[in-house]
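A short write-up of the structure that comes next.
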Amino acid sequence: MPKQLSASVEDDNLRAAVARFDDRMPSRWTAPVISTVLTLPAAFLALVFAGLSPMACDSCDQAQNARFTPSFDTAFAVFQAGLLLALTLLLVSWVLPWRRRLAPRRVLFAVLAPLCVICSYVTFVAMVDWP
């Protein structure tokens with residue numbers, strides 16, 4: 001009797017291990033890779049364009065410059081926070097455990113990362129008082 005009980009427990013442990021292995025997603029890396037390929041270049045280009053935008057006020061007079069500079073400083077800080085949020089979302093999409101039940105969350109975080117870059121840049125452009 002104890003031999004059968006021991007075999008039953010071993011079978012249960014084996015089934016549990018197989019179930020845990022089967023719970024892994026075969027295409028677990030697809031959403032984070034696509035998101036990374038989209039987010040990182042978009043963030044770089046947005047940062048370059050935002051960084052070059054103070055040149056729009058090179059020929060400004062003193063009154064225009066007085067309006068532009070504070071609005072640019074605030075908008076750029078908000079833009080950097082948005083890029084940090086996008087990087088965090090991208091990192092979360094990679095770090096989530098590779099289980100089927102977490103697949104929708106992984107896809108959600110992967111989709112939100114490039115959208116966050118776009119929204120951050122649009123917010124930056126809207127916040128700056130352009131000359």
*Just report the Cα centroid separation between the range 98-131 and the range 47-75, whole Å.*
25
*Measure off 7 Å from each Cα along the Cα-to-Cβ vector at ARG100 and TRP130, then give the distance between these two points in nanometres to one decimal.*
5.0
*asked:* On a full-extension model of 0.36 nm per residue, what is the gain between LEU52 and LEU108, subtracting their alpha-carbon distance, rounded to one decimal in nm?
replied: 17.0 nm
*asked:* So, for the range 28-131, what is the accessible surface per residue at a probe of 1.4 Å, expressed in square angstrom?
replied: 60
*Inter-probe distance in nm under a simple model that places probes 7 Å from Cα toward Cβ, at ASP61 and LEU115*: 4.5
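The values are calculated or read from the model by the stated rules, or taken from the named source; none is laboratory data. What you see is a predicted model; the values in this text were computed from it and never measured. Note: ideal-geometry Cβ built from the backbone for every residue, glycine included; neighbour counts use all protein chains shown. We work out accessible area using only protein heavy atoms, side chains counted, and drop any ligands, DNA or RNA first. Shrake-Rupley method; radii C 1.70, N 1.55, O 1.52, S 1.80 Å.
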